[in-house]
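Novice: Sharing a structure here in structure tokens format.
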Amino acid sequence: MALTLDRHKPLHFIGVGGIGMSAIAGILADRGFAVTGSDPRDNAVLQDLRGRGVRVFREQSAGTIAAIRSGTSKPPLVVVSSAVPESNAELVEARRVGLEVCHRSDVLGALIAAQPSIAVAGSHGKTTTSTLVASLLHATDQDPTAVIGGIVPAFASNGRSGQGTLLVAEADESDGSLVKFTASLGVITNLELDHTDHYPDLESLIATLQRFARGCGHVLANRDCPILRDRFQADSWWSTSSVEGTAFAAIPLQLHGDSTQARFYENAEPVGDFSLPLPGLHNLSNATAALAACRLQGLSFAELRQAIESLQAPGRRFDYRGSWHGRLVVDDYAHHPSEVDATLAMARLMVSSGRSPLPTCPRRVLAVFQPHRYSRTAEFLGPFAQALSQADAVLLAPLYAAGEAPIAGISSAAMATEIRRLRPELTVAVSASLDDLAVAVAEHSLEGDLVLAMGAGDVNGLWSRLEALESRDLPLPLAA
């Protein structure tokens, strides 16, 4: 049964600092709901929530449940994500005392059902596409509500409660919960096997996304994806390769390392040219989906074209951290072979075109990669090696387990072996820790390199560890 939110019923989020949980908690607080949460961390996201009236407990314990129950006329609704285990002491106590417990997707589903909504799903590009949709709506004075799995530069937040009619949400397929969403417009970016810890095979993933599509009022999908083209019935298609059979297309005119010029078509008729300040064909596809979604809402291409020129990608998507001894350090969330391949292809375009959104144009690409989950690494060991082999050098961090048990023979060292098999001449090194990884960057990088750190784990801590090397008694940089 679908959840109905009651403004008089408090909500408590276990793990409120999570990227998906914090967005919903903040929106509900802004809308006048009584919201509490627990999280042992202390970061900018939690500080922002406190500023919006959310009471945050540092301990996840039975005592927290006792505290949130006191002084309330109605028992609180406890919200969890798939990252909260059943053994969590706070969750155990909530169930023991009989509090209602629901998944974050139930609350997001209630928000989506309450107003006209755009839900963005797919294996890759969800966060970027939903960010671009929300940014375009914001720039054209639509004042949307947004629930995104990344920081939207236009809002400096992952969640925003707007006064406009539209809600934009990222629909995560990782645990299958997106089937609860009944969006006015469903956008599907692409589809290929991932999250093998949840989906036993591609067919089960396809079935889940098909169920999501059936729950949407209108489906907009990427015709360039063969699985979507062959297995889905979309109401509208978009493409970046052909105008045939599509309601919307953006055909690239020029591809540079810092931007893309393209011509926009509707029903095979040219509408106008635009300049996208994000490089790479994958970003053009994401932007085309966003343009199409906004056109389906009735916004004119003229006002959208102006808004496109100021678009920015969400946080951790080719996120420039700074220059370290002449090395350009970038953080990126890529953690699937297709994402790694697209990110490295974009980086290589910067080198070859001599144009880059970075302060200087890189001369080489040093790929720093952290495998994420044993199950994903085992499933895609070969494709990961193939994607990484296009770099000028590869440094591998220790595998980030994300709570999974080890699989025999699956490790960063096994990935290194596979890369060397493909390109024996390539420099490939494996580090035992993130501190060692920072030293490896110093040893193997050259001035003018793009140090591209990729992964969904804690590899984004590389920048701080490089800064920390300054205080150590090492002759840096070590490479010639």
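Novice: Just from its helices, what would the mean residue ellipticity at 222 nm be for the chain, if runs of 4 or more DSSP H residues each count -39500 (n - 2.57) and the sum is divided by every residue, rounded to the nearest 500 deg cm²/dmol?
Specialist: So the helix-based figure for the chain works out to -10000 deg cm²/dmol.
Novice: Please report how far the C-alpha centroid of the range 225-240 lies from that of the range 80-112, rounded to the nearest whole angstrom.
Specialist: 35
Novice: Under 5 Å between amide H atoms, partner at least 5 residues away or on a different chain: which partners does Arg327 have, H built in plane at 1.01 Å?
Specialist: For Arg327, whose amide H was placed from the backbone, the distant partners under 5 Å are Gly448.
Novice: Compute the orientation-averaged projected area for the chain from the convex hull of its Cα atoms and round it to one decimal in nm².
Specialist: For the Cα atoms of the chain, the hull's average projected area reads 23.0 nm².
Novice: Something else about it: Toward the positive end of the charge dipole of the range 384-473, about the Cα centre and with charges on Cβ (Lys, Arg +1; Asp, Glu -1), which of Leu422, Gly455, Ala438 goes farthest?
Specialist: Farthest along the dipole direction, towards plus: Leu422.
Novice: Mind checking the per residue accessible area of the range 43-129 for me, 1.4 Å probe, whole number of Å²?
Specialist: 43
Novice: Using only the heavy atoms of the protein chains and a 1.4 Å probe, how would Phe318, Phe369 rank by accessible area, largest first? Can you show the working numbers first?
Specialist: On the way: Phe318 35, Phe369 0 Å².
From most accessible down to least: Phe318, Phe369.
Novice: While we're looking at this one, here's another question. Could you sort the peptides 255-263, 104-112 by per-residue average Cβ neighbour count (10 Å cutoff), highest mean leading?
Specialist: Peptide ranking by packing, descending: 104-112, 255-263.
Novice: Could you tally the net charge around Arg214, taking each other residue with its Cβ under 15 Å from the Cβ of Arg214, Lys/Arg +1 and Asp/Glu -1?
Specialist: For residues surrounding Arg214, the net value is +1.
Novice: What do you reckon, how do Val430, Val78, Val56 stack up by accessible area (1.4 Å probe), largest on top?
Specialist: Correct descending sequence by accessible area is Val430, Val56, Val78.
Novice: Where does the range 332-480 land on Rg(C-alpha)/(2.2 N^0.38 Å)?
Specialist: On the way: Rg = 14.8 Å, N = 149, 2.2 N^0.38 = 14.7 Å.
Scaled against compact globular proteins, the figure is 1.00.
Novice: Take peptides 119-126, 242-249, 305-312, 34-41 and line them up by average Cβ neighbours within 10 Å, highest first, as a rough protection proxy.
Specialist: 119-126, 34-41, 242-249, 305-312
Novice: Additional query: Excluding ligands, DNA and RNA, what is the solvent-accessible area per residue of the range 206-353 at a probe of 1.4 Å, expressed in Å²?
Specialist: 39
Novice: Excluding His198 itself, calculate the net charge of residues whose Cβ lies under 10 Å from the Cβ of His198, where each Lys or Arg counts +1 and each Asp or Glu counts -1.
Specialist: So the surrounding residues net to -4.
Novice: Continuing with this model, one more query. Using only Cα atoms, locate the centre of the range 125-161 and the centre of the range 1-72, then give the distance between them in Å, rounded to an integer.
Specialist: Here the two parts' Cα centres lie 22 Å apart.
Novice: Tell me, what is the FRET efficiency for Ala83 and Ala268 to the nearest 0.05, using R0 = 35 angstrom and their Cβ-Cβ distance as r?
Specialist: On the way: r = 45 Å, r/R0 = 1.28.
Result of the calculation: an efficiency of 0.20.
Novice: Roughly how much of Trp237 is accessible, in Å² to the nearest 10, using a 1.4 Å probe?
Specialist: Accessible surface of Trp237 is approximately 40 Å².
Novice: Of the heavy-atom accessible surface of the range 371-434 (probe 1.4 angstrom), what whole percent is carbon and sulfur?
Specialist: 54
Novice: Turning to a different aspect of this structure: Quick one: net charge around Gly37, please, counting Lys, Arg +1 and Asp, Glu -1 for every other residue with C-beta under 13 Å from its C-beta.
Specialist: Neighbourhood net charge equals +1.
Novice: Distance in nm between label sites at Ala405 and Ser275, each 7 Å beyond Cα in the beta-carbon direction?
Specialist: Once both label points are built, they end up 5.7 nm from each other.
Novice: So what is log10(I(q)/I(0)) for the range 249-291 at q = 0.23, 0.32 1/Å, when the Debye sum runs over its Cα atoms only?
Specialist: Log-scaled intensity ratios, in q order: -0.67, -1.18.
The values are calculated or read from the model by the stated rules, or taken from the named source; none is laboratory data. Keep in mind it's a predicted model, so treat the numbers as computed, not measured. We place every Cβ from the backbone using ideal geometry, glycine too, and count neighbours over all the protein chains shown. All accessible areas refer to the heavy atoms of the entire protein, side chains included, with ligands and DNA or RNA removed. Shrake-Rupley method; radii C 1.70, N 1.55, O 1.52, S 1.80 Å.
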